[in-house]
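Heads up, the thing below is written out as structure tokens.
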Protein chains: 2
Amino acid sequence: MRKTVNRTKVHIMRAAIELFSIQGFGSTSIREIAEKANVNSALISYHFKNKQGILERIMIEYFEGLFRRFDSSREGQTEEVIDYFDELMRLVKTVIGFQCEHQAVTRIIQRELSVDSMLVREVMSTYIAKLKSVFAALFEKGIQEGQFQEDLNQEMKLIHILSSIFFPYFNPQIVREVFYVDPMSEEYIEEYIDYLSKIWSYHFKKVEFC
Amino acid sequence: MRKTVNRTKVHIMRAAIELFSIQGFGSTSIREIAEKANVNSALISYHFKNKQGILERIMIEYFEGLFRRFDSSREGQTEEVIDYFDELMRLVKTVIGFQCEHQAVTRIIQRELSVDSMLVREVMSTYIAKLKSVFAALFEKGIQEGQFQEDLNQEMKLIHILSSIFFPYFNPQIVREVFYVDPMSEEYIEEYIDYLSKIWSYHFKKVEFC
DNA sequence: GTCTATATATTGATAGAC
DNA sequence: GTCTATCAATATATAGAC
């Protein structure tokens, strides 16, 4: 791949991300994207086939990046995981951090994931399913090792965790305009993680009786 | 208002709701709506001014309906609320029930609320703010009456509650295709409410020491 | 309130020169 | 890889008859 190729592709992607996130996919035209990217509109068809093609690349790069992040954050770690609850919170922190770094794309993906299409079903069955299985595997191990409770409904836990992680970053405007806090700020993140940790530690961890 | 007026308006609204919820607002054209509603396309401009006008009515009717439901569900009740946690869960149940009854509109609203526009900001500052204040007032009273803890961050509680209520009904597809359960089913609702109740009761209620 | 007819703009996508 | 030029389809919106 030559540099010129990437430069145009990247410019188109960046412009598309900004516009999709503000106006929505359906309300954004190829011409608008080309204009914002300072690129000839014909190049979009050339590089991405069509508008849907841009969204596809945006989604794929996002999730590939997320799972790469998972791997790299596991690198400097000792083989044996000791505390599975810590591991859970580390994972949550990684996802939230990634979502903050990619605010616009996060918003686009969550929004477009609620629309019916082939692309959406594929993303669901690969990436979201994979994300779920990462958490599910963690809980399974935690239970095996006797660190986690197994009385609560496991599926509910996972749905609940995804809700908690996704929602504030899918709709940061609600958080900002109704709660007057910025979900992307360091303070908020720390406080939110802290909150979730408190809530969850009691219900997920196996209790030592008093 | 005459009957004929309403019939057309209702048909247009119904068709728009179905299309918006499946394809998204931006990807749906006035013509499509008119066709699905078996109505002349010019009538949309006549009744709603433009496409945005339909969305506006959809949103307003939804939230007006929700708050009317709040009022009516409070009717047959004794003046003095005794258990504020029960009251909280009753409120949660009401919202979730309402969301189930209006699946399509719920999806549309959550999705379009993540897009930037005047309409969205208005809906946020009126309806979502009002929804928040309903929960906030409940917590305040619960604390005053010595039934609720006040150690946890109150704002986080509210964000967390809204996340838990909204997310599964904003994106039921994730729940269905990844978790293989239907968030609209009686069983799910009961189990989910039960789960939330368990999680929250420990952290929100004032504990009687063991 | 509802229709036909139409004006006008914008859409996504491609063919072919460079 | 990038451009110009252009197509056919579709968009929203309105004027005026009924």
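Some notes on this structure:
- Charge dipole (Cα centre; +1 on Lys/Arg Cβ, -1 on Asp/Glu Cβ; no other charges) of the range A:67-210 amounts to roughly 460 debye.
- Stokes-Einstein D for the range B:1-85, Kirkwood Rh over Cα pairs, 25 °C, 0.890 mPa s (µm²/s): 167
- For the rotational copy pair A/B, the chain A residue whose Cβ lies nearest the symmetry axis, together with its distance in Å, is A:G26, 1.
- Around B:E145: net Lys/Arg minus Asp/Glu count, Cβ-Cβ under 14 Å: -3
- Under 5 Å, built H, 5+ apart or other chain: amide partners of A:F148: A:I143, A:K206
- Evaluated at q = 0.19, 0.26 Å⁻¹, the base-10 log of the normalised Debye intensity for the range B:95-140, with identical point scatterers placed on the Cα atoms, takes the values -0.71, -1.00.
- Rg ratio for the protein assembly as shown: its Cα radius of gyration over 2.2 N^0.38 Å, N being its residue count, equals 1.05.
- For chain B, excluding the exposed loop sites themselves (chymotrypsin sites (Phe, Trp or Tyr not before Pro), DSSP loop, at most 13 other Cβ atoms within 10 Å), the longest remaining stretch covers B:1-179.
- Build a GNM of chain B with springs between Cα atoms under 10 Å apart, and of B:K132, B:K157, B:K198 the one that fluctuates most is B:K198.
- Ordering B:A42, B:F70, B:I108 by Cα displacement along the dipole of the range B:1-154 toward the positive end leaves B:A42 in first place; charges were set at the Cβ atoms of Lys, Arg (+1) and Asp, Glu (-1).
- Inter-copy spacing of B:S185 label points, which lie 7 Å from Cα along Cα→Cβ, given in nm from shortest upward: 4.3
- Cα centroids of the range A:160-210 and the range B:21-44: 39 Å apart.
- Estimated D of the range B:145-197 in µm² per second, where Rh is the Kirkwood radius over Cα pairs and Stokes-Einstein applies at 10 °C, 1.306 mPa s: 125
- Cβ-defined net charge surrounding A:A129, 13 Å radius [Lys, Arg +1; Asp, Glu -1]: +2
- Relative contact order of the range A:35-185, pairs being alpha-carbon contacts under 8 Å that are 6 or more residues apart, as %: 24
Here, each number is a calculation from the coordinates, and none is a lab measurement. All values derive from a computational prediction rather than experimental measurement. Glycine gets a Cβ as well: all are built from the backbone with ideal geometry, and neighbour counts include every protein chain shown.
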